[in-house]
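Q: Below you'll find the structure I mean.
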Amino acid sequence: MRMFIDWLRERGFKVNNPMLYKEACTHSSFANEHPNETDDNERLEFMGDAVLQVWSAEQLYRHKPILEEGKMTTLRAQTVCEATLAKLNEKLGWYEFLRLGVGEEKTGGRHRASLLADQFEACIGAIYIDIGYDAVDEILTQVMKPLIDQEKSDEVTDYKTHLQEVIQADSRKTIQYRMIKEEGPSNAPVFTMGVYLDEILLGVGTSTTKKKAEQKAAKDAFDKMAR
């Protein structure tokens with residue numbers, strides 16, 4: 001049975017701690033069913049998230065032409081969002097090595113974006129700990145760097161999550177979404193939502209559902225930050 005360490009060795013990487021990669025590919029559902037085998041990948045996911053933040057920040061800092069801080073913040077959020085990481089996981093084929101519990105496997109967990117993104121982060125964390133930053137940089141330069149300058153669709157970015165992350169990076173304050181107005185007939189309403197920090201309106205969005213309007217409001221806030 002092919003494993004993640006095989007993927008790495010096929011590309012010339014020297015694996016020092018095979019168990020680390022097994023852990024990186026172990027979802028909590030599998031670990032719960034096999035408690036004596038290995039830990040789940042949540043700790044490595046934490047590490048990988050930090051490595052991705054540093055790597056993407058460095059790429060954007062060195063970007064030519066030079067980017068303003070607001071634009072860098074927006075691009076980093078888009079580059080390391082859940083949807084992007086899940087797609088990169090599928091492109092690299094790492095999902096094939098994901099170890100899932102029986103129930104999670106049956107309900108389609110192997111292709112669930114949140115699980116794929118988590119595994120991607122965990123694998124990056126494992127590579128960083130076991131081999132080092134240069135190996136991480138080699139992989140990410142091939143698959144992630146080309147995405148930085150690509151135009152991002154709204155579905156690729158969870159603007160709400162990343163707006164909150166950006167705000168909390170500078171303060172402990174929480175943003176709020178409020179409905180500004182509702183228009184149209186009851187069977188086809190149109191909502192306008194605003195995103196606020198304290199009482200300051202950061203962005204406004206309009207759509208046929210409140211959730212979509214909130215995402216557009218968060219995107220509007222990001223766009224204003226990038227100006």
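The values are calculated or read from the model by the stated rules, or taken from the named source; none is laboratory data. Everything numeric in this text was worked out from a predicted model, so none of it was measured. Neighbour counts run over all protein chains shown; Cβ positions are idealised from the backbone, glycine included. In case anyone asks, the SASA skips ligands and DNA or RNA and just uses the protein heavy atoms, side chains included. Shrake-Rupley method; radii C 1.70, N 1.55, O 1.52, S 1.80 Å.
Q: Does Lys219 fit the bill of being open to solvent by less than 80 Å² (accessible area, probe 1.4 Å) and basic (Lys, Arg)?
A: Answer is yes for this residue.
Q: Look at Lys211 and say whether it is over 23 Å from Met72 (Cβ atoms) and at pLDDT below 95.
A: yes
Q: Next question. Do the conditions hold for Ala57, that is, is it among the aliphatic types (A, V, I, L, M), in contact (Cβ under 8 Å) with a residue 12 or more places away in the chain, open to solvent by 30 Å² or more (accessible area, probe 1.4 Å) and under 30 Å from Asp223 (Cβ atoms)?
A: Yes; evaluated as a whole, the condition is true for this residue.
Q: Any idea which of (1) over 30 Å from Gln53 (Cβ atoms); (2) of a type in the set (Asp, Glu); (3) within 23 Å of the chain's Cα centre (by Cα) is the one Glu165 doesn't satisfy?
A: All conditions pass for Glu165, except number (1).
Q: Are any residues in the stretch 26-43 farther than 18 Å from Glu96 by Cβ and either surrounded by 21 or more Cβ atoms within 10 Å (Cβ to Cβ) or touching a Leu at 6+ places or on another chain (Cβ under 9 Å) (or both), and if so, which ones?
A: none
Q: Which count do you get for residues in the stretch 1-25 that are open to solvent by less than 20 Å² (accessible area, probe 1.4 Å) and part of a helix (DSSP H, G or I)?
A: So the count comes out to 6.
Q: In the stretch 179-227, how many are in contact (Cβ under 8 Å) with a residue 12 or more places away in the chain and among the acidic types (Asp, Glu)?
A: 4
Q: Among the residues of the stretch 177-190, is there at least one that is surrounded by fewer than 16 Cβ atoms within 10 Å (Cβ to Cβ), under 19 Å from Ala77 (Cα atoms) and in contact with a strand residue (DSSP E or B) (Cβ under 8 Å, 6 or more places away or on another chain)?
A: No, the stretch 177-190 contains no residue that is surrounded by fewer than 16 Cβ atoms within 10 Å (Cβ to Cβ), under 19 Å from Ala77 (Cα atoms) and in contact with a strand residue (DSSP E or B) (Cβ under 8 Å, 6 or more places away or on another chain).
Q: Related question: Given (1) closer than 15 Å to Asp40 by Cβ; (2) open to solvent by 40 Å² or more (accessible area, probe 1.4 Å); (3) acidic (Asp, Glu), identify the lone condition not met by Asp137.
A: (1)
Q: Quick check on Glu90: is it open to solvent by 70 Å² or more (accessible area, probe 1.4 Å), in contact with a Leu (Cβ under 8 Å, 6 or more places away or on another chain) and either under 17 Å from Ala122 (Cα atoms) or not polar (S, T, N, Q) (or both)?
A: yes
Q: Shifting gears a bit: Scan Lys145, Lys181 and give me the residue that is among the charged types (D, E, K, R), modelled with pLDDT of 75 or more and either within 17 Å of Thr206 (Cβ to Cβ) or touching a Lys or Arg at 6+ places or on another chain (Cβ under 9 Å) (or both).
A: Lys181
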